[in-house]
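Read-outs: derived from the displayed coordinates by stated rules, not from any lab. In this text, all values refer to a predicted model and were calculated from it rather than measured experimentally. A quick note on method: Cβ atoms are made from the backbone with ideal geometry, for glycine too, and the neighbour counts reach across all protein chains shown.
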Amino acid sequence: MLVITAACYIAWLFRLSTLGQPLPSLPGDWEASVRGSLSLYAIPITIGAMWFCSLYKPRRDKSLWSEYGAILRATIVAIPTMIVLLWLLRVKIIDAAQTTVLDDGIVGTTPDAGRVQLLALAVALPLLLCTHRTLFRWTLRQLRKRGHNLRHVAVVGIGRLGQVACRTIERNSWTGLSVAYFISAAEQSERPSCLGRPIHGGLADLERTLERHPVDAVYLAMPSSRANRLPGLLRRLERFTVEVRVIPDVLPKYQAQSMAVSELDGMPILSYRECPTQGLGGVLKRGLDVVGSLAGILVFSPIMIVCAIGVRLSGPGPIIFKQRRVSIAGETFKIYKFRTMRCIEDEQAPGDATWTSRDDPRVTRFGRFLRQTSLDELPQLLNVLKGQMSLVGPRPERPELIPRFREDWRGYMLRQHVKAGMTGWAQVNGLRGDTSLRRRLRYDLHYIRHWSLGFDLKILWLTIFRGFAHRNAH
């Protein structure tokens, strides 16, 4: 409430100072200041929006960035709601713009005071709320480093999955979670400890262990071979006032792209793999592609004209070379590139599909320059504008090579969960041309799992310095 009130007063004082209105003199203008700051309306509406966005639930295992996103969503809900409420209650805040005639005869317009204040509030509110949450989190982390404000956890399972859970919790100490002890997923256990924590028996002693050594939460890290015991174990834990978290035994065995739990008509669903660019994120990514491709075409058009002339003078054949490539969901499209070889590059038979070698004799002298500077890729801005590619993503592969890679490289088909891109995380890290496919795949999968609009902007920025001329470009 104090943070919201402070944001309201900052916006109100900004309105007064911007429009040259007199500042209030407290306490004489106390009632007028409360009314003018709109804090009486903003406090309940903003708190309601933050509750709606789950900002008052415990967030020990959530990152600070996810909290920033929730605050931004709450602000987007709160400001329009407050505008509608002020209109319904006929609160006079959005005054009509005033037209004035200056001494030299020029007509000027004074901005609407109410609109200035609301715009200032839309900026000040999320900034102050994010600052408050950041300081709050920092304070909690300092306390947790000193052993305060901890929540103690018991991990059921001493095998690989249980040890992964313990190390993950230990590595993320900012959550305030601390593994107190282990319980074996077997009926009994003779081992005294695991990863420096004691092992208090097995499942046969579960109730007695929890009564003797109370904890705040129980993490069930059961191996898949004992998954049939999970329902009974959950029923036994209903007798205790502990939080229960289940860690599925799929993390190291399979290529999990994302893990999230949703619900459909009361039925819980574990999202194991889905396209990361669906929904609002996909709309924003497409917007970035459209704006970026138009800007790129505008900026590079003189260079593209010079490249086209150079290709025409380098020998017979078309200026633009087209070739079938694979993008999202296995869809094929014709990729555009400046021709870099001496003759028309007919598509090879499936058995002959290979990458271009470093000293390929078919490459022209001007074509070699285009390849080394990546200028032959500029026509792909048209593919991006048409929606066939994205500015950022895994590089598109030839369809003739897909069956071979799909069988030889586990997880290769996950690359097709996003649109193919002109540049990517692998490319800005030097994995271009005839380089290690294993390393390139690892970088592509990292990009898919951690995709965000900010990650795309980072890759585009790095492309300016690393994405054009490179020793592996040939």
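The packing ranking, built from the mean of other Cβ atoms within 10 Å per residue, places the peptides 382-391, 231-240, 419-428 in the order 419-428, 382-391, 231-240, highest first. For the peptides 278-289, 40-51, the ranking by packing is 40-51, 278-289, with the highest mean count of neighbouring Cβ atoms within 10 Å listed first. Each DSSP beta bridge with both residues in segment 280-466 is either parallel or antiparallel, and the antiparallel ones are about 80%. In this calculation the C-beta distance from Leu140 to Leu16 is compared with R0 = 45 Å, giving a FRET efficiency of 0.80. Each peptide in 443-455, 294-306 was scored by the mean count of other Cβ atoms within 10 Å over its residues; highest first, the order is 443-455, 294-306.
Taking each residue as 0.36 nm, the span from Leu195 to Ala6 lengthens on full extension beyond its C-alpha to C-alpha distance by 63.2 nm. The simple Förster model, with R0 at 22 Å and r as the Cβ-Cβ distance, assigns Glu207 and Ala227 a FRET efficiency of 0.55.
For a Förster distance of 25 Å, can you work out the FRET efficiency between the beta-carbons of Leu127 and Leu85, rounded to the nearest 0.05? Plugging the Cβ-Cβ distance into 1/(1 + (r/R0)^6) gives 0.65. Please identify which residues in segment 151-191 have an amide N closer than 18 Å to a label point set 7 Å out from the Cα of Asp216, following the Cα→Cβ vector. Correct set: 151-156, 166-182. Label-to-label distance, Gln323 versus Trp174, with points set 7 angstrom from Cα along the beta-carbon direction: 4.3 nm.
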